[in-house]
Amino acid sequence: MEVLKAIIQRCKHLAFDLNFSRAKDWKAEAKGRVVVGYMPIYFPREIVHAAGGMAVGIFGGGDRKQVVKGDAYYQSYICHIPRSILELALDKQMDHFDGFVFPSICDVIRNLSGIFKQKKIGKFVKYMDFPQNFLPEIGGAFYQEEMRHVLHLIREINGREATAASLNHAIRLYNHNRRLIETIYDIRQEYPWRLSMEEFYYILRAGTVIPVEEHNAILEQVCERIRKDIGTPQDKVKVVVSGAFCEQPAIGLIRAIEEAGCYVVDDDYMLGSRMITGDIADDTDKPLEAIAHAYLTQSRYSSSIYDVNDPKEYRLAKIVRDRGADGVIFASASFCDPSLLDAPIFQNAFNRMGIRYIAFQYSENINQFKVIKEQVGAFSDSIKLWEDEPAEAIYA
Amino acid sequence: MSKEAQKEQSMILQKEMVEGLFNELAAARETGKKVCYTFVPGNLSELIRTFDMLPVYPEINALQNAMRKKSAAYIKEAERNAHSEDVCTYVKCDVGMMLKGNIGPTGQPLPPPDILLLSYTGCFTFMKWFETLKREYPNARVVMIHTPYQENGEITPAMVEYMVRQLKTEVIPQMEAVSGIRYDEEKLKGILSLSKEAEDWITRIFNTTKHRPSPIDAYFAGVYYIGPINIGFRGTREAVDYYKALYGEIQERIRLGLGPITPEGEMQEEKFRLVVEGPPNWTNFREFWKIFYDMGAVIVASSYTKVGGVYDLGWRHDPSRPLESLAEYCMNCYTNLNIPQRIDLLSKFIRDYEADGYITNSIKSCNSFSAGQLSMMREIEDRLEVPVGFIESDLVDPRYFSYSNIKNRLESYFQMLAQRKIIHATATV
Ligand code: SF4
Ligand code: SF4
C-alpha cells in the first residue's frame, strides 16, 4: 500500500508539473535529445522516440494556472484550453520544448497552431492532419507522409534518422505501455475500489510527460499492487465517462464523480494514450506503415474521426456493455464543439437503446462542483433504484 | 438603358437562377434528378454538375431562413432535441428545419439527399453536421473527401495527390453509382472552363473597390455577389452571364462616380473604407448594414466573400488538370488557410484597397473563423498601424445580436476613425 501511495504521489506531482521538469532534465541528460509537445487527442509518440526525442503531452493549465494573457487571445465563447496553453507558452514554461505538434482535432486547436506559428513559438510548429480517409493506400499513405514530415522537422534539429529498428523498438515500448494501461482498466472493471479514478488519472497523465520506459516501470508496479485484494468495496454504480478527451476537468471534478456514488470503469480523459487498441506490428521493415495501419483499423472512436462506417454510438454502447457499466456520464468542456456536436447523436441513440446517461459541462479552471456532484448523486441513486432490471432489457 | 434597369439586370438574373434551382429541387422526385447535399467551402459544384445532380447547401438554407426570420424557431427545435446552445447555429437551424418537415426557405419542400457529399474543407463542424444528417437520412450515400489544411501555408504535391486519389477511388465511383451516369472528363473540363471565366469576372468585380468612391460594398452586397459562384452555378454559362452583367453595371457606376447601392438607395458620401473579417449576422442583416452605410462606411474587402474560394491571388480552376484543380480549389478556400496566411491576405486587402480601418465581426458559434481572430487583429494593427474594431454577433441565432451594443461600439470606432482622419489631414497640410 505504501509503495502504491508513493507512486501515486509521484505521478500526481509529475502530471501537474506545468514546468515539465522531467522532460527538461531528460533533455539535459544527453546531447541530441529533443522535446516535442503535442496537444490532445492522439499523436504517434513512437516516431519521436525513434528519432531520439520525447513526446510530451500538453493538456492545458487546468485550475493550476491563472490565465491572464491568454484571455486576450480568445473570446469568451471559446473553450478554455487554448488560452491556458498559450499562457504556458508566453510564460516560458515550455521554453525547453523544441517543437509543437497540433493534431487535427478541432478548429480551435488548428487555429492555435497558427498562433504558435505567428508568434514563432518553438523551432517548429506542425499541424498534423490525420486522414479522414481510411483506405490504407490513400489515407494511410497520407498519414505516413505526415509522420515523415514530423521526422524531418526533428532531424533538422538533431540530425537523427529514425530507422526501422528504432521505430520498431519504440513501437514495442508503447505497445507494452498500452497493454499495461488496459490491464489496469480491466482490473478496475472488476475491482474499481483498488485504485480510484483520481489516482489512476494521475498515473495515466504522468505517462504523457515522462519517458515511456519510466512510465512502463510505474505501470508494472501499479499492476502488481492492484492485482492484490486491497481496498474496500463500496456501494457505487459503474459508469463510463465520455466527451472529456481534450480540455481536462479539474481533478476535483474527477474525484467528485466517484464521491457522488459512481465508479468510473472507462473514460476518455487520456484518450490519446489508449487510442490504438491492441498492438501495432513491431517487426516489419515498414514501421510507419504499421503505425498508419493501426490508426486506420484499430482506433477507438473519437469525436475527431469521421465515423461513417462505424457509428460511434454503438461503439460507446459496446464499451458500456463490455465494462458492465450501469450508465454513461457525458462530460464536455464548455464550448467544445466536437464533444457537444456529438451529444445529440449519443443521447438520441441511448434513449432508443435504453442506456441511462446524464450530461454536463465543465471548464478546466472551475473547481466548484456542487451542482454536478448533486446531479451525479441523483443519477447513481436512480440507477440503484433500477438495479433489478436485467441488463439485456436495458441494452435491448 | 437607365441606371435602374442596369441595376436590375444582374439581380433579375440571380433571382431567376436561384428560383430555378429551388423549383428543380421541389420537382426532383418527379423528374428523377438526384439530389446532393454539400457545403459551400470546398464545394465540388463542377463534379455535381457533371453527374447532372442538384445541389443543396444546408448553410445557405440556414442563412436564408435567418433572413426570413425563421431561424429562431428552428434553433429552438434543435435545442429541444439535445443540441447544445453553444455550437454552430447553422447546424441547429438546419436540423430544426428538417425536424419541422424540411420546408426550404422559399416555402417549397426540399427533397431528401440521395448523396451527402462532404468536401470537408476548413471546418470540423461540417464533419459533425454530416454525421448528424447521416443518421437522419439513412438511405443517403455518404461520401467524405478529406481536404488537408494548408498548415504550412502551401499546397504540396502530396496533398494534391491525396485528394485526387480520394476523388478517383471514392467520390467519382459513388457519384456514378448514385446518378447512374458515367464520369465524363470532357464534360467536366467544359464546365471547368466556365468556372474559370466566372472566377475571372468575380475577381474583376471585387477589384473595383479600388476606385473612390467604391462602386460596391464588398461585404454586405458582396454576399449577394458570391451567391451564384458558391451555390452550384459555378461552371455554368448563366453564372458567367450574371457576372458579366454585374461587372457592366458596376463599370457604369464607376463612370458616373457613384457609391454602392444600399437597401435605402445610393450611399452618398464615402467617409470610411473598411476591411471586414468574419461572416455577417443574418438575422438582422439590414439593420447591421444600415449602421455602416448611415455612417458613410463602405466595406472594400472582406474575408467572408472568400469562403467559397480565394481567387485574389491568381488561382483559377484549370480544365487541363481537372481533378488536381478540384483538389487545389478545396484546399484554397479561406477557412482552409492558416492564420499567418489569413493575416497576409487581409493585410494585402487593406493595402490594395486603401482601407482606413479593419473590423472583426466575431461570430459566437463559428470557431473556424473566430478562434484566432483576436491575435490576427493585433498583428494587423501592429503591422499596418491601421485602427481596428471588434464586434460580436452570431450567424442565425437572433438571441446573440445586440443592436445597441454593436451600434455603440461601431459609433465609437467611427468617431475614432474620423478624428484620425482630421489629425492626418492636419499633419499633411
Ligand atoms: S476542448 Fe474541444 S473545442 Fe476546445 S480545443 Fe479541445 S477539442 Fe477543441
Ligand atoms: S462553424 Fe463556421 S465555418 Fe463551420 S459550418 Fe459553422 S459557420 Fe460554417
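Helix B:339-352 and the longest principal axis of the C-alpha atoms of chain B enclose an angle of approximately 50°.
A P(r) calculated from all alpha carbon pairs of segment A:280-328, with 10 Å bins opening at zero, reads 23, 37, 28, 12, 1 percent. For chain B, the longest principal axis of the alpha carbon atoms and the long axis of helix B:285-294 meet at an angle near 20°. Candidates B:MET98, B:ILE231, B:TYR242 compared by Cα position along the dipole of chain B: farthest toward the positive end lies B:MET98, with charges placed on Cβ. Distance distribution P(r), segment B:20-102, all Cα-Cα pairs, bin width 5 angstrom from 0: 3, 15, 22, 20, 18, 13, 8, 2 percent. Less than 14 Å from a label point 7 Å out along the Cα-to-Cβ axis of A:ASN158: which backbone N atoms in segment A:26-40 qualify, by residue? Output list for this probe position: A:26-37. Between the amide H of B:PHE272 and those of B:ALA297, B:VAL298, distances stay under 5 Å, these residues lying 5 or more places away or on another chain, with hydrogens modeled in the peptide plane. Beta bridges from DSSP with both residues in chain B: antiparallel share about 10 percent, rounded to the nearest 5. In a DSSP loop and with at most 14 other Cβ atoms within 10 Å, the trypsin sites (Lys or Arg not before Pro) in segment B:165-267 are B:ARG182. Surface composition of the protein assembly as shown: carbon and sulfur make up 50 percent of the accessible area, probe 1.4 Å. P(r) for segment A:17-162: what percent of alpha-carbon pairs falls in each 10 Å bin, starting at zero? Taking all Cα pairs of segment A:17-162, the binned fractions are 11, 41, 34, 13, 1 percent.
For B:LYS364, a cut-off of 13 angstrom between C-alpha atoms picks up these aspartates and glutamates, skipping any fewer than 8 places away in its own chain: A:ASP337, B:GLU85, B:ASP86, B:GLU392, B:ASP394, B:ASP397. With one equal scatterer per alpha carbon and no solvent term, the Debye-computed log10 I(q)/I(0) for chain A at 0.14 1/Å reads -1.33.
Using the Cβ of B:PRO105 as centre and a radius below 12 Å, the other residues enclosed give a net charge of 0, where K and R count +1 and D and E count -1. Between amide H atoms placed 1.01 Å from N, distances below 5 Å from B:PHE390 occur with B:THR360, all of them 5 or more places distant or on a separate chain. Each of B:SER193 and B:LYS69 was given a label point 7 Å from its Cα along the Cα-to-Cβ line. The distance between the two points is 4.9 nm. Pairs from the list B:LYS70/B:LYS290; A:LYS65/A:LYS123; B:LYS76/B:LYS196; A:LYS24/B:LYS306 with a Cα-Cα gap above 32 Å: B:LYS76/B:LYS196; A:LYS24/B:LYS306.
Find the relative contact order for chain A and round it to a whole percent, using C-alpha pairs within less than 8 Å whose residues are 6+ positions apart. Computed value for chain A: 20 percent relative contact order. FRET efficiency for the B:SER404 to A:LYS228 pair, using the beta carbon distance and R₀ = 60 Å, is estimated at 0.35.
Need one number: % antiparallel among DSSP beta bridges in the protein assembly as shown, to the nearest 5. Taking every DSSP beta bridge within the protein assembly as shown, about 5 percent pair in antiparallel fashion. Fully extending the segment from A:LYS370 to A:GLU182, taken as 0.36 nm per residue of separation minus the present Cα-Cα distance, adds 64.5 nm. Across segment A:29-46, computed HN-Hα scalar couplings (Karplus, 6.51 cos²θ - 1.76 cosθ + 1.60, θ = phi - 60°) run 5, 8, 6, x, 7, 10, 10, 10, x, 10, 8, x, 9, 10, 8, x, 4, 3 Hz from first to last residue, x flagging Gly and Pro.
For the residues of B:126-135, the average number of beta carbons from a partner chain within 10 Å of their own beta carbon is 5. Basic side chains Lys and Arg get +1 at the Cβ, acidic Asp and Glu get -1 at the Cβ, and with that the dipole of the protein assembly as shown about its Cα centre reaches some 960 debye.
Three semi-axes describe the equivalent ellipsoid of chain B; taken as square roots of 5 times the Cα gyration tensor eigenvalues and ordered largest first, they are 34, 24, 22 Å. Cβ-Cβ distance of A:LYS5 and A:GLU137, R₀ of 45 Å, FRET efficiency by 1/(1 + (r/R0)^6): the value works out to about 0.35. With Rh defined as the Kirkwood radius, the inverse of the mean 1/r over Cα pairs, the Rg/Rh of the protein assembly as shown is 0.98.
Among A:259-272, A:331-344, the peptide with the highest mean count of other Cβ atoms within 10 Å heads the list, and the full ranking is A:331-344, A:259-272.
For the pair segment B:187-257 / segment B:307-363, the C-alpha centres are spaced 16 Å from each other. Compute the angle between helix A:312-322 and the longest alpha-carbon principal axis of chain A, please, reported from 0 to 90 degrees and rounded to the nearest 10. Approximately 60 degrees, to the nearest 10.
Where only DSSP H runs of four or more residues are counted, chain B gives -16000 deg cm²/dmol as its mean residue ellipticity at 222 nm, each run worth -39500 (n - 2.57).
Spin-label model, B:ASN102 to A:ASP322: label points 7 Å out along the Cα-to-beta-carbon direction sit 3.5 nm apart.
With each label modelled as a point 7 angstrom along the Cα→C-beta vector, the B:HIS424-B:SER320 pair spans 4.3 nm. Distance from the alpha carbon centroid of segment B:143-164 to that of segment A:253-287 works out to 30 angstrom. Taking the inverse of the mean reciprocal distance over all distinct Cα pairs, the Kirkwood hydrodynamic radius of segment B:28-187 comes to 16.6 Å.
Under the convention that each Lys and Arg Cβ holds +1 and each Asp and Glu Cβ holds -1, the size of the dipole of segment A:215-349 around its Cα centre is about 360 debye. Rg/Rh for segment B:199-261 stands at 0.97; both radii use Cα atoms, and Rh follows the Kirkwood definition. Got the relative contact order for chain B handy, in percent, Cα pairs under 8 Å and 6 or more residues apart? Contact order relative to length: 19 percent. The charge dipole of segment B:201-323, taken about its Cα centre with unit charges on the Cβ atoms of Lys, Arg (+1), Asp and Glu (-1) only, comes to about 420 debye.
The values are calculated or read from the model by the stated rules, or taken from the named source; none is laboratory data. Remember, predicted model here, so these are calculated numbers, not experimental data. Quick reminder, even Gly has a Cβ in these numbers, built from the backbone with ideal geometry, and neighbours come from all protein chains shown. Each accessible area value is taken on the protein alone, full model and side chains, heavy atoms only, with ligands, DNA and RNA left out. Shrake-Rupley method; radii C 1.70, N 1.55, O 1.52, S 1.80 Å.
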